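Peer 1: Please find one structure pasted underneath; my questions will follow.
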């Protein structure tokens, strides 16, 4: 049945319709599910819509939501700070550790399969579940950690510690994710490259940093992007802990608290969402620039 | 025996004030007759994914088929109580089936806007006060005035508290419960504690309990709302009921001396409150009282749910007087109940169910299964009440003025996005009251628009 493709004019009407459909449907989905809601969110952020009744009830109130967010909304600046800490910890700690573990496992140490499974297991769990599992460890009165150390620190409740407790839990999962991504990349490295490096007298360290790492450039970018995306959309874990209040404020939880709850400050929440969109765009632009440079080369 | 008449008096004092307070809010201008839009997908995408229960009914004729009931009573005891009422209702109405969709209490409240604009259950649980009138004025609840035509035993005041801004009824009260200081009689008898009447006596008692190795006042505010009760109680004692109503209506200065005094008084009391409250749920705090690790607990009488089988040992006292000029005769007793969806799939069945929920017979079944609450219907039998229920009913009846609760008396957006973080901030850093109240006031001006 399969015909060899020789140009658009050789396609039958049915095939042309199919091609058209294959273009139109995804476009409609992207426009309808991504672009229109995104643009509407930006538009709503300049209104005071309360989520009830039709859009036409929304009143345009200029940039009031934005000035309110930055000037009189106390959780906003802590949230920005927490998001940045989150990004920094993921980027400087969890991701490098994940890569390191991948490299170690790739060297075929004993029980490789066991380690691989053990580190990857958290990734298949939903973040909400991860939060619950760590609750068993961090709980003030019944938790394993306080049981072993005899401390009475309220790991999830005390705002001095709970961000770090949440970061430990999220790193636990993130490390496995990065490990698997990187391991897949390492397995794809041509062994002859390593042999050549070894013949030229390169040390293990030199082989990795001067030969393997540059070869893995596409994987590195994916790891970088995954890290940034995971950090910015961090939400489930802190929401399950305490709804993102009391030391665990993140932009995403503030958006939810304002938009989804009975509060229904849709306009105000949309302003927060737009701010999050702008922050994400910075990283998206950086990513696109790198990718396009790669392609141009 | 004096209960029905004095209860009417209590309810009469309660309703007009709150109705008056909220009569003409900015939001009421937008009464869209049934026109509603679905929240954009992107905005909803952040939700934690708890699905709203799907109403599945086959639209039968007059009072047959299935009625769906959306319940927020997710805790074990009240959940069983709802089931008991539904069973009794089904026994009386052979042609009707009731499908109960129970959603976690907090989730239910968070999803309520989307729930009501989507496909809500025919009958759904909700609260009296500003929150009921708000949905009624938005056209999201069904007019059930004809149910009220056949509802015997409900006082006029209960009817008023079920009436929307347009004069029609949208709500059937089911139960109410008072907020007070709860304690275990056995613990107090063993240690020889006596009920404190003033703030100083409360402090003295607290220090004595500390010396005895008890946590004086159990405290948990992980969910954000229980500490609102503490704020309300102190506010009612320091500034009185009228100030509470007008503060909740957005007519007072949050940065003024009166609110500052509430927080300052509270700060003085924090040393006899359980530490690390922001990581503890009210259930956990109640269990510390149940395990005799703490001496007392300021909460609604639903605290009894954590004392299954030991309710007899539970007693309560009114929050002590702080200012003798203000007294201690204002209390909080929120009313819970049910509303009907705007377009129920089985209207006849829904109204029949609501009629039963509001009836004395239905409420007898309910309060028997959940002895932590008191029936709203004046004709409901008090004979089977536990000592705690009897005391609750008398306590409420003897109060001069009754508030609902911070998050039921004011705008939900203000209560949840401003007051929850603000009160948690206060508990975290109780020293910066000036900065705190200024932040609240700035947000209040922005939200209330004045």
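Peer 1: Residue B:130 is checked against (1) in contact with a strand residue (DSSP E or B) (Cβ under 8 Å, 6 or more places away or on another chain); (2) touching a residue at least 60 places away in the same chain (Cβ under 8 Å) and fails just one. What number does that condition carry?
Peer 2: Answer for residue B:130: the failing condition is (1).
Here's the yes/no breakdown for (1) in contact with a helix residue (DSSP H, G or I) (Cβ under 9 Å, 6 or more places away or on another chain); (2) surrounded by fewer than 18 Cβ atoms within 10 Å (Cβ to Cβ); (3) not in a helix (DSSP H, G or I):
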{"site": "B:221", "(1), (2), (3)": "yes, no, yes"}
{"site": "B:244", "(1), (2), (3)": "yes, no, no"}
{"site": "B:247", "(1), (2), (3)": "yes, no, no"}
{"site": "B:259", "(1), (2), (3)": "yes, no, no"}
{"site": "B:267", "(1), (2), (3)": "yes, yes, no"}
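Peer 1: I've got another one for you. Suppose the filter is under 28 Å from residue B:274 (Cα atoms) and surrounded by 13 or more Cβ atoms within 10 Å (Cβ to Cβ); does residue A:98 pass it?
Peer 2: Against the criterion (under 28 Å from residue B:274 (Cα atoms) and surrounded by 13 or more Cβ atoms within 10 Å (Cβ to Cβ)), residue A:98 does not qualify.
Peer 1: For residue B:145, state whether it is surrounded by fewer than 20 Cβ atoms within 10 Å (Cβ to Cβ), in contact with a strand residue (DSSP E or B) (Cβ under 8 Å, 6 or more places away or on another chain) and either closer than 28 Å to residue B:282 by Cβ or touching a residue at least 24 places away in the same chain (Cβ under 8 Å) (or both). So that I can check it myself, show each step before the final result.
Peer 2: On the way: surrounded by fewer than 20 Cβ atoms within 10 Å (Cβ to Cβ): yes; in contact with a strand residue (DSSP E or B) (Cβ under 8 Å, 6 or more places away or on another chain): yes; either closer than 28 Å to residue B:282 by Cβ or touching a residue at least 24 places away in the same chain (Cβ under 8 Å) (or both): yes.
Yes: the conditions hold for residue B:145.
Peer 1: Consider segment B:101-128. How many of its residues are under 17 Å from residue B:342 (Cα atoms), within 14 Å of another protein chain (Cβ to nearest Cβ) and surrounded by fewer than 18 Cβ atoms within 10 Å (Cβ to Cβ)?
Peer 2: Selection size over segment B:101-128: 1.
Peer 1: Checking residue A:116 against (1) closer than 24 Å to residue A:220 by Cβ; (2) free of Cβ contacts under 8 Å to residues at least 60 places away in the same chain, which single condition isn't satisfied?
Peer 2: Status for residue A:116: all satisfied but (2).
Peer 1: Scan segment B:274-314 for residues that are outside any helix (DSSP H, G or I) and away from every other protein chain (no Cβ under 14 Å) and report the count.
Peer 2: Residues of segment B:274-314 outside any helix (DSSP H, G or I): B:274-276, B:280-281, B:291-300, B:308-310, B:314.
If we keep only those that are away from every other protein chain (no Cβ under 14 Å) too, we end up with B:292, B:295-300, B:308-310, B:314.
Of the residues in segment B:274-314, 11 are outside any helix (DSSP H, G or I) and away from every other protein chain (no Cβ under 14 Å).
Peer 1: Next up: Quick check on this structure: which one of A:284, A:279 is in a helix (DSSP H, G or I), surrounded by fewer than 24 Cβ atoms within 10 Å (Cβ to Cβ), more than 10 Å from chain B (Cβ to nearest Cβ) and modelled with pLDDT under 85? Walk me through it before giving the result.
Peer 2: On the way: A:279 fails: modelled with pLDDT under 85.
Step by step, each of A:284, A:279 is checked, and only A:284 is in a helix (DSSP H, G or I), surrounded by fewer than 24 Cβ atoms within 10 Å (Cβ to Cβ), more than 10 Å from chain B (Cβ to nearest Cβ) and modelled with pLDDT under 85.
Peer 1: Moving to a separate point now. Which of the residues that make up segment B:291-309 are over 22 Å from the mean Cα position of the chain (by Cα), at negative phi and in contact (Cβ under 8 Å) with a residue 24 or more places away in the chain?
Peer 2: Here is the first cut: in segment B:291-309, the residues over 22 Å from the mean Cα position of the chain (by Cα) are B:291-295, B:309.
Still in the running and at negative phi: B:291, B:293-295.
Across segment B:291-309, the qualifying residues are B:293, B:294, B:295.
Peer 1: Shifting gears a bit: List the number of the failed condition for residue A:262; all other conditions in (1) facing another protein chain (nearest Cβ under 7 Å); (2) assigned to a helix (DSSP H, G or I) hold.
Peer 2: (2)
Peer 1: I would also like to ask the following. Can you tell me how many residues in segment B:394-438 are part of a helix (DSSP H, G or I) and within 16 Å of residue B:233 (Cβ to Cβ)? Explain how you work it out, then say what you get.
Peer 2: First, the residues of segment B:394-438 that are part of a helix (DSSP H, G or I): B:394-398, B:406-409, B:412-428, B:433-438.
With the extra rule that they be within 16 Å of residue B:233 (Cβ to Cβ), the set shrinks to B:395-396, B:406-409, B:419, B:423, B:426-427.
Selection size over segment B:394-438: 10.
Peer 1: Quick check: is even one residue across segment B:371-380 surrounded by 19 or more Cβ atoms within 10 Å (Cβ to Cβ) and either over 26 Å from residue B:163 (Cβ atoms) or within 14 Å of chain A (Cβ to nearest Cβ) (or both)?
Peer 2: Within segment B:371-380 (the criterion being surrounded by 19 or more Cβ atoms within 10 Å (Cβ to Cβ) and either over 26 Å from residue B:163 (Cβ atoms) or within 14 Å of chain A (Cβ to nearest Cβ) (or both)), the answer is yes, since at least one residue qualifies.
Condition check ((1) at pLDDT below 90; (2) in the same structural domain as residue B:141 (by TED's automatic domain parsing); (3) not in a loop (DSSP other than H, G, I, E, B)) across all residues:
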site: B:316; (1), (2), (3): no, no, yes
site: B:323; (1), (2), (3): no, no, no
site: B:326; (1), (2), (3): no, no, no
site: B:344; (1), (2), (3): no, yes, no
site: B:348; (1), (2), (3): no, yes, yes
site: B:352; (1), (2), (3): no, yes, yes
site: B:355; (1), (2), (3): no, yes, yes
site: B:364; (1), (2), (3): no, yes, yes
site: B:392; (1), (2), (3): no, no, yes
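Let's see how each residue does on (1) within 12 Å of chain B (Cβ to nearest Cβ); (2) buried (at least 18 other Cβ atoms within 10 Å of the Cβ):
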site: A:193; (1), (2): no, no
site: A:198; (1), (2): no, no
site: A:233; (1), (2): yes, no
site: A:253; (1), (2): yes, yes
site: A:256; (1), (2): yes, yes
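Peer 1: Among the residues of segment B:127-152, how many are closer than 26 Å to residue B:302 by Cα and modelled with pLDDT of 90 or more?
Peer 2: Total meeting the criteria: 1.
Peer 1: Right, another one. Would you point out the residue of segment B:180-219, among those that are in contact with a helix residue (DSSP H, G or I) (Cβ under 7 Å, 6 or more places away or on another chain) and either surrounded by fewer than 21 Cβ atoms within 10 Å (Cβ to Cβ) or free of Cβ contacts under 8 Å to residues at least 24 places away in the same chain (or both), that is nearest to residue B:232 (Cα to Cα)?
Peer 2: So the residue we want is B:196.
Peer 1: Residue under question is residue A:227, and the condition is that it be assigned to a helix (DSSP H, G or I), touching a helix residue (DSSP H, G or I) at 6+ places or on another chain (Cβ under 6 Å), surrounded by 13 or more Cβ atoms within 10 Å (Cβ to Cβ) and more than 14 Å from chain B (Cβ to nearest Cβ); does it hold?
Peer 2: Working: assigned to a helix (DSSP H, G or I): yes; touching a helix residue (DSSP H, G or I) at 6+ places or on another chain (Cβ under 6 Å): yes; surrounded by 13 or more Cβ atoms within 10 Å (Cβ to Cβ): yes; more than 14 Å from chain B (Cβ to nearest Cβ): yes.
Answer is yes for this residue.
Peer 1: Being at pLDDT below 95, over 30 Å from residue B:309 (Cβ atoms) and either touching a strand residue (DSSP E or B) at 6+ places or on another chain (Cβ under 8 Å) or outside the structural domain of residue B:348 (by TED's automatic domain parsing) (or both) is the requirement here; does residue B:155 meet it? Break it down stepwise before answering.
Peer 2: Details: at pLDDT below 95: yes; over 30 Å from residue B:309 (Cβ atoms): yes; either touching a strand residue (DSSP E or B) at 6+ places or on another chain (Cβ under 8 Å) or outside the structural domain of residue B:348 (by TED's automatic domain parsing) (or both): no.
The answer is no for residue B:155.
Peer 1: Here is a further query. Just to be sure, is residue A:78 surrounded by 13 or more Cβ atoms within 10 Å (Cβ to Cβ), assigned to a loop (DSSP other than H, G, I, E, B) and either modelled with pLDDT of 90 or more or touching a strand residue (DSSP E or B) at 6+ places or on another chain (Cβ under 6 Å) (or both)?
Peer 2: On the way: surrounded by 13 or more Cβ atoms within 10 Å (Cβ to Cβ): yes; assigned to a loop (DSSP other than H, G, I, E, B): no; either modelled with pLDDT of 90 or more or touching a strand residue (DSSP E or B) at 6+ places or on another chain (Cβ under 6 Å) (or both): yes.
No.
Peer 1: Taking residue B:139, is it free of Cβ contacts under 8 Å to residues at least 60 places away in the same chain and surrounded by fewer than 22 Cβ atoms within 10 Å (Cβ to Cβ)?
Peer 2: Considered against the rule, which asks whether it is free of Cβ contacts under 8 Å to residues at least 60 places away in the same chain and surrounded by fewer than 22 Cβ atoms within 10 Å (Cβ to Cβ), residue B:139 comes out as no.
Peer 1: Would a scan of segment A:208-218 turn up a residue that is in a helix (DSSP H, G or I), at pLDDT below 90 and within 13 Å of the chain's Cα centre (by Cα)?
Peer 2: Initially, segment A:208-218 is screened for residues in a helix (DSSP H, G or I), giving A:208-215, A:217-218.
Retained after the next criterion (residues that are at pLDDT below 90): A:208-215, A:217-218.
Now narrow it down to the ones that are within 13 Å of the chain's Cα centre (by Cα): none.
Among the residues of segment A:208-218, not one is in a helix (DSSP H, G or I), at pLDDT below 90 and within 13 Å of the chain's Cα centre (by Cα), which makes the answer no.
Peer 1: Among the residues of segment B:395-450, which ones are within 30 Å of residue A:161 (Cα to Cα), under 17 Å from the mean Cα position of the chain (by Cα) and away from chain A (no Cβ under 14 Å)?
Peer 2: Within segment B:395-450, none qualify.
Peer 1: Same structure, new question: From the list A:189, A:123, which one is at pLDDT 85 or above, closer than 26 Å to residue A:228 by Cβ and either part of a helix (DSSP H, G or I) or touching a strand residue (DSSP E or B) at 6+ places or on another chain (Cβ under 6 Å) (or both)? Full working, then the answer.
Peer 2: Details: A:189 fails: either part of a helix (DSSP H, G or I) or touching a strand residue (DSSP E or B) at 6+ places or on another chain (Cβ under 6 Å) (or both).
A:123 is the lone residue from the list that is at pLDDT 85 or above, closer than 26 Å to residue A:228 by Cβ and either part of a helix (DSSP H, G or I) or touching a strand residue (DSSP E or B) at 6+ places or on another chain (Cβ under 6 Å) (or both).
The values are calculated or read from the model by the stated rules, or taken from the named source; none is laboratory data. All of these numbers come straight from a predicted model, not from anything done at the bench. All Cβ positions, even for glycine, are placed from backbone atoms using ideal geometry, and neighbour counts span all protein chains on display.
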